[in-house]
Amino acid sequence: MSVALTTAPIPNSTRQRPLRVMVVDDSVVIRGLISRWIEAEPDMVVVASLRTGLEAVNQLERADPDIALLDIEMPELDGISALPRLLAKKRDLIVIMASTLTRRNAEVSFKALSLGASDYIPKPESTRASGAAEIFHHDLIQKIRSLGGKVRRTAPAPAPAPARHATVVPLLAPGVERAREAQLRLQPVPAEPPQPVRHAFSTQAPRALLIGSSTGGPQALMTLVADLGPVIDRFPVLITQHMPPTFTTILAEHLARSSRRPAREAIDGEVVKPGRIYLAPGGRHMRVVRHGAEVAIALDDGPPVNFCKPAVDPLFTSAIDVWQSGVLALVLTGMGSDGMRGGKAIVAAGGSVIAQDEATSVVWGMPGAAANAGICAAVLPLNQIAPKLVRVFSGDRS
């Protein structure tokens, strides 16, 4: 006697479907340039190239994008007005706001983040300047790919394909069947992926808090500093957020309001004091140096580090010479791995590193790199980071 068992077909390819991108910009030159860049990537496709926010709202269902690149200044319906209407139609749409580097556009971009945009990208004043165009190209593709990673992870698994054929298997006698079941029960269960190694907190009291962040960072930082008053009042807080000029000026103002403490872009040569938040200005790396008994800010116009300027690693590594083992570094949401090498150096010098967890990160690139390197004393959701920092700076070393 026999029974027919169906077998699933072997998939022809394990490639994921490309990310579907909608480009919305009133400049035909910009739309064409961005569309060519996206179409050149094997994991992306342009599903719509549109001139106004109104066209984007009207064609959203037909195009069904995963990601919308949305200009701020457009006729008929601008980006900030189109944003809530797009998200009302598709709640999980990832929106990247695009704007030139003006104070007004920076303020609008921050408003867009509060309304549900996932990120922003500054457009160069002219695409004729090769350096500016290359940076814009690199940053745009990286943002689309990094933010699109969550789309792929949360997409439902495809339904099993119909069987190609049936295989005839002999029906086993009861005794043989029981032996086979026993053998199957003895098969090893696949192990869960190993968890990142945790490094113990430093036994030395921290003397400064250093923070690095990128994509999703502005929202995370404003949430964090609102509950960080007891730390800010007693210790200096230095932040590097991947962000261009003008945008960092606006971010510092937002941080001051959220923390109810002084916060501003750092000034070259100024003395670092407790009770203040120092933000690396866009376009310049921020380091700290010792001048006798005092610690001062040192800004430089060197080349990008990890494709970023400002970058986190220069701040992290410079702090070791100043505070030795008294450095506590925090790596928040962001794409790439900036902060991981500096974090390694901090831990090697006796300091500590904390990272934001994957579930609460917009992109788990930077904190994920630090966590997977085994240098973190804790990997925490965003709402648990401020309470933990308050405890650590108050003497808790667990």
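Sorting the segments 132-139, 367-374 by their residues' average number of neighbouring beta-carbon atoms within 10 angstrom, most packed first, yields 367-374, 132-139. By the Stokes-Einstein formula, at 0.692 mPa s and 37 °C, region 19-151 with its Kirkwood radius over alpha-carbon pairs has D equal to 227 µm²/s.
Our coupling estimate for region 387-398, obtained by passing each phi through the Karplus curve with A = 6.51, B = -1.76, C = 1.60 and θ = phi - 60°, is x, 5, 4, 4, 5, 5, 6, 9, x, 6, 10, 7 Hz, Gly and Pro reported as x. Normalised by the number of residues in region 19-151, the average gap of Cα pairs under 8 Å and 6 or more apart makes the relative contact order 22 percent. I want the local charge near residue 45. Using Cβ-Cβ distances under 11 Å, sum +1 for each Lys or Arg and -1 for each Asp or Glu among the other residues. It works out to a net charge of -2.
Checking every one of the trypsin sites (Lys or Arg not before Pro) in region 50-109 against DSSP loop status and a limit of 13 other Cβ atoms within 10 Å picks out 91.
Scanning residues 5 or more positions from residue 74 or on other chains, those with amide H under 5 Å from its amide H are 79, with H placed 1.01 Å from N in the peptide plane. Evaluating 6.51 cos²θ - 1.76 cosθ + 1.60 at θ = phi - 60° for every residue in region 24-37, the Karplus couplings come out as 10, 7, 6, 8, 5, 5, 5, 4, x, 5, 5, 4, 5, 4 Hz, glycine and proline recorded as x. Averaging Cα coordinates gives a centre for region 305-366 and one for region 87-104; these two points are 28 Å apart. When you restrict to C-alpha pairs under 8 Å that are six or more residues apart and normalise by the size of region 194-339, the relative contact order lands at 31 percent.
For region 307-349, the normalised intensity computed at q = 0.32, 0.34 Å⁻¹ comes to -1.20, -1.30 (log10 of I(q)/I(0), Debye sum over alpha carbons, equal scatterers, no solvent).
Computed over region 282-398, relative contact order equals 20 percent, with contacts defined as Cα pairs under 8 Å that lie 6+ residues apart.
Sequence neighbours fewer than 8 away in the same chain don't count; with that in mind, list the aspartates and glutamates whose C-alpha is under 18 Å from residue 273. The qualifying aspartates and glutamates are 233, 265, 294, 321. Beta-bridge orientation, region 229-347: approximately 60 percent antiparallel, per DSSP, counting only bridges with both partners inside.
All of the numbers you see were taken from the coordinates with simple rules; none came from a lab. From a predicted model like this one, the values you see are computed outputs, not experimental measurements. Counting neighbours? That spans all protein chains shown, and the Cβs are built from the backbone with ideal geometry, glycine included.
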